[in-house]
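The values are calculated or read from the model by the stated rules, or taken from the named source; none is laboratory data. Keep in mind that what you see is a predicted model, and the values were worked out from it rather than measured. Glycine also receives a Cβ, built like all others from the backbone with ideal geometry; neighbour counts cover every protein chain displayed.
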Amino acid sequence: MQPVSKGPIGVFDSGYGGLSILRELRRVLPQYDYVFLGDNARAPYGSRSFDVVYQFTRQTVERLFGMGCPLVLLACNTASAKALRTIQQNDLPVWDASRRVLGIIRPTVERVGELTSTRHIGIFGTKGTISSGSYPIEIAKFFPDVVVTGHACPMWVPLVENGEYDSEGADYFVKKEIDALLSEDPLIDMVILGCTHYPLLEEKIRRFMPEHVRIVPQGGIVADSLADYLDRHADMRQRLTTGGSCRYLTTENPDMFRQAASAFLDEDIEARHTDL
Ligand code: DGL
């Protein structure tokens, strides 16, 4: 892989969910150029094995590097949980050690301590994220006193990917998972939406969640954390181009992507198809 001098920030998700992160990145760091890549053709990743998530994620990162991105953000908890470490440890040194791949679990976890009073928190995520144990493991490093209950919501990503997040049918699945989590630990006073698709369900989640439970989406947290990272890493900051543009790539049909993406972004966009 050729070393790159300057390029855009690459943002990756299995599908549309990462757009909820991208939207906040562009709000907090509007000066940079971005390339978003959604692997919609192979989404969801949530129930896939470690090896498959790793192979898929590796391919997308390689593609974004091939487009000249010095920095790639995995805007996907499942990929952050199952592929990030192997890519950082095994692939980056071989590809180009000067580039960076960052995930979104660590920055989210760092904020947990200030957001709970009872010290009992819940994590909603995909099967893959929850079964990886990544959240409890990372939280224990920063806040060993916090009791973490993870709960997988296997229907939530398909509801979002299929544009059903607003439907009455979604009510059933949202309420069901909230009730299950809170019956497991009634002391929970904060829940992390540990999947980038879930912010589209946030209104419904709010409706069925007891009022005293704080709901924490990741977008703002991740954007602030990247801003902080770039403040501390002038070498990386200087390698990012600053035209304020954003390109969208999907492994699925670009018209489908364009229509669905507009709901996440509140704006019309153009998308291109890419094979991996
Ligand atoms: N949006 C991804 C996440 O944050 C997962 C969606 C999927 O299952 O592909 O975990």
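Observations on the model:
- Applying a threshold of 7 Å to beta carbon distances and a minimum spacing of six or more residues, or different chains, the list of pairs starting in the range 187-200 at a residue that is touching a residue at least 40 places away in the same chain (Cβ under 8 Å) and ending at one that is within 11 Å of the ligand (Cβ to nearest atom) and among the acidic types (Asp, Glu) reads Thr196/Asp13.
- In the range 1-20, the residues that are assigned to a loop (DSSP other than H, G, I, E, B) and of a type in the set (A, V, I, L, M, F, W, C): Met1, Val4
- Candidates Leu193, Leu230, filtered to the one that is aliphatic (A, V, I, L, M) and either modelled with pLDDT under 95 or under 23 Å from Ala43 (Cα atoms) (or both): Leu193
- The residues of the range 2-55 that are surrounded by fewer than 24 Cβ atoms within 10 Å (Cβ to Cβ), of a type in the set (D, E, K, R) and within 16 Å of the ligand (Cβ to nearest atom), listed by number, are Arg23, Glu24, Arg42, Arg48, Asp51.
- Any hit, the range 250-273, residues being among the aliphatic types (A, V, I, L, M), assigned to a strand (DSSP E or B) and either over 20 Å from the mean Cα position of the chain (by Cα) or within 27 Å of Thr118 (Cβ to Cβ) (or both): no
- Condition met for Tyr229 (within 29 Å of Ser131 (Cβ to Cβ) and either in contact with a helix residue (DSSP H, G or I) (Cβ under 7 Å, 6 or more places away or on another chain) or surrounded by 13 or more Cβ atoms within 10 Å (Cβ to Cβ) (or both)): yes
- With respect to being touching a strand residue (DSSP E or B) at 6+ places or on another chain (Cβ under 7 Å), more than 16 Å from the ligand (Cβ to nearest atom) and either among the polar types (S, T, N, Q) or on the phi > 0 side of the Ramachandran plot (or both), Thr196 falls outside the description.
- Selection from the range 159-169 of residues that are part of a helix (DSSP H, G or I) and either within 16 Å of the ligand (Cβ to nearest atom) or of a type in the set (Ser, Thr, Tyr) (or both): Leu159, Val160, Glu161
- Of the helices (runs of 4 or more DSSP H) lying entirely inside the range 192-237, those containing at least 2 residues that are within 30 Å of Ser5 (Cα to Cα) are 219-232, 234-237.
- Looking only at residues of the range 199-220 that are in contact with a strand residue (DSSP E or B) (Cβ under 9 Å, 6 or more places away or on another chain) and closer than 23 Å to Val28 by Cα, we find that the one that is farthest from the ligand (Cβ to nearest atom) is Arg214.
Table: residues versus (1) of a type in the set (Val, Ile, Thr); (2) within 22 Å of the chain's Cα centre (by Cα).
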residue: Val146; (1), (2): yes, no
residue: Ala152; (1), (2): no, yes
residue: Leu159; (1), (2): no, yes
residue: Asn162; (1), (2): no, yes
residue: Ala170; (1), (2): no, yes
residue: Leu182; (1), (2): no, no
residue: Leu187; (1), (2): no, no
residue: Val191; (1), (2): yes, yes
residue: Thr196; (1), (2): yes, yes
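- All conditions in (1) more than 24 Å from Leu230 (Cα to Cα); (2) touching a residue at least 40 places away in the same chain (Cβ under 8 Å); (3) acidic (Asp, Glu) hold for Asp51, with the sole exception of (2).
- The set of residues in the range 54-91 being closer than 22 Å to Tyr135 by Cα, out of contact with any Ser or Thr (no Cβ under 6 Å at 6 or more places or on another chain) and among the aliphatic types (A, V, I, L, M) consists of Val72, Leu73, Leu84, Ile87.
- Top-ranked residue in the range 57-69 [being crowded, with 24+ Cβ neighbours inside 10 Å and over 14 Å from Ala43 (Cβ atoms); ranked as farthest from the ligand (Cβ to nearest atom)]: Cys69
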